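Any read-out appearing in this document is the output of simple, stated calculations on the displayed coordinates, not a laboratory observation. For clarity, every value in this text was computed on a predicted model and none was experimentally measured. No Cβ is skipped: glycine too gets one built from the backbone with ideal geometry, and neighbour counts run over all protein chains shown.
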Amino acid sequence: MNHDRYDNDYISGILNSVRTVAVVGASANDVRPSFFVTKYLVDKGFVVYPINPGQAGKEIAGRPTYARLADVPEPVDMVDIFRASDAVPPIVDEVLALDPLPKVIWMQLTVRHDEAAAKAEAAGIKVVMDRCPKIEYGRLSGEIGWNGVNSRVISSKKPIMRQGFQSFGVRGR
């Protein structure tokens, strides 16, 4: 797959199909992007499992934190990687050891590893690199446009959003 550009349907298909997300590299520091994305996903109704060995047994964004993916008590649909690109191959190996396999490996902004992505895709896992699920969710739902940001999506339809916290009063139908 070409990971230089993603169709909106590919990204929205992923965001609409996953319910459980493991955030590898989640931070307990509430000013770090990984904390904010974790909290955002929780608020949107996803079941989120922060992965951070230094915080294992504590809570991040109100969710119990685990040391590694294998410690998560239920299967996850998506693994969101908030680590440097050179840390991706061992994380993908850890993902491939899970049973069942997640549907998606998502690498955050600036995170890209083409060889690890090819390995995951060969196992049937969808991959997104150098993107943020928070930004993509907001862009595709129309939420980001409330702040005057061009979302590159034009629609006359009111967005239908997941259950969970919805800012600006938008509620699912």
Gain on full stretching of the segment that runs from Asn16 to Arg32 - 0.36 nm per residue minus C-alpha separation: 3.2 nm
Please list, in order along the stretch 62-70, the HN-Hα scalar couplings obtained from phi with the Karplus expression 6.51 cos²θ - 1.76 cosθ + 1.60 (θ = phi - 60°), rounded to whole Hz, x for Gly and Pro. x, 10, x, 9, 10, 6, 8, 4, 5
Over its alpha-carbon atoms, the stretch 69-135 yields an Rg and a Dmax in Å of 10.9, 29
Give me the net charge for the shell around Ala26: Cβ to Cβ below 14 angstrom, other residues only, Lys and Arg +1, Asp and Glu -1. +3
Per 10 Å bin, what percent of the C-alpha pairs of the stretch 1-42 does each bin hold, from zero upward? 24, 37, 35, 4
Estimated distance in nm for a label pair at Thr110 and Glu59, the labels positioned 7 Å out from Cα along Cα-to-Cβ: 3.1 nm
Got a sec to turn the phi values of the stretch 26-35 into Karplus ³J(HN,Hα) couplings, 6.51 cos²θ - 1.76 cosθ + 1.60 with θ = phi - 60°, whole Hz, x for Gly and Pro? 4, 10, 7, 7, 6, 9, 7, x, 5, 5
Taking all pairs of different Cα atoms in the stretch 47-93, averaging 1/r and flipping that mean, what Kirkwood radius in angstroms comes out? 11.4 Å
With label points set 7 Å from each Cα along the Cα-to-Cβ direction at Arg5 and Leu98, the distance between them in nm comes to 3.0 nm
If you look at just the Cα atoms of the stretch 23-147, how large are its Rg and its Dmax in Å? 13.9, 41
The stretch 1-90: trypsin sites (Lys or Arg not before Pro) falling in loop per DSSP and having at most 13 other Cβ within 10 Å: Arg5, Arg19, Lys58
